[in-house]
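Below is one structure, written out as structure tokens, with a few remarks after it.
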Amino acid sequence: MSMLVYFSSGTQNTHRFITKTELPAQRISCSMKADLLQVTQPFVLVLATYAGGDGRGAVPKPVIRFLNDSTNRSLIRGVIASGNRNFGTTFGIAGDVISEKCQVPFLYRYELAGTEDDVMNVRTGLKKFWAA
Ligand SMILES: Cc1cc2nc3c(=O)[nH]c(=O)nc-3n(C[C@H](O)[C@H](O)[C@H](O)COP(=O)(O)O)c2cc1C
């Protein structure tokens, strides 16, 4: 069974994308004071990039907090990142950072709330990924 964990902030783009996939998903709260989300099954992380052009600080703090929990970190299997092509070389760079730090595959990169093609690609790709 495919499980997604996602982070979405200001514009709720990632939230809209997740809703369109109709896949089971749990959300990481934007608040650093909220109870820590603790997962109990393998998941793929979907997150937006907030590097602001220079590539630093690309991974939002609530995502870092979530992954600092050793059980959560042990269950991540892959990452999908969103961003905006206007940012050039840092487009979706949060996915590169997570992939390297957690040693998991960077499965997909898309813009904003994703197109219908993105939704299909992620649905199909994840089905194959979890079946492998
Ligand atoms: C302050 C700020 C910095 C951003 N930095 C980047 C960036 O470095 N690379 C990128 O691809 N997108 C960047 N974005 C675009 C967001 O990742 C994109 O709009 C995303 O869809 C937001 O998702 P959310 O609404 O779910 O939080 C940035 C957006 C903001 C507001």
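Bear in mind these aren't lab numbers, they're just calculated from the coordinates by the rules spelled out. It should be emphasised that the depicted structure is a prediction, and the values quoted were computed from it without experimental measurement. We place every Cβ from the backbone using ideal geometry, glycine too, and count neighbours over all the protein chains shown.
Structure notes:
- Remark: relative contact order (the chain) = 25 percent; criterion is Cα-Cα distance under 8 angstrom and separation of 6 or more residues.
- Modelled spin labels at residue 38 and residue 11, positioned 7 Å past Cα toward Cβ, are 3.6 nm from each other.
- Sites residue 69 and residue 116, calculated FRET efficiency, Cβ-Cβ separation with R0 35 Å, nearest 0.05: 0.50
- Cα-centred dipole magnitude for the stretch 4-131, charges only on beta-carbon of K, R (+1) and D, E (-1), debye, nearest 20: 200 debye
- Between residue 61 and residue 19, the C-beta separation translates, for a Förster distance of 30 Å, into a calculated FRET efficiency of about 0.80.
- Summarising the label geometry, the points placed 7 Å from Cα in the beta-carbon direction at residue 124 and residue 30 lie 3.4 nm from one another.
- Note on the chain: lysine pairs with Cα distance below 27 Å, sequence gap of 8 or more or different chains, count 8.
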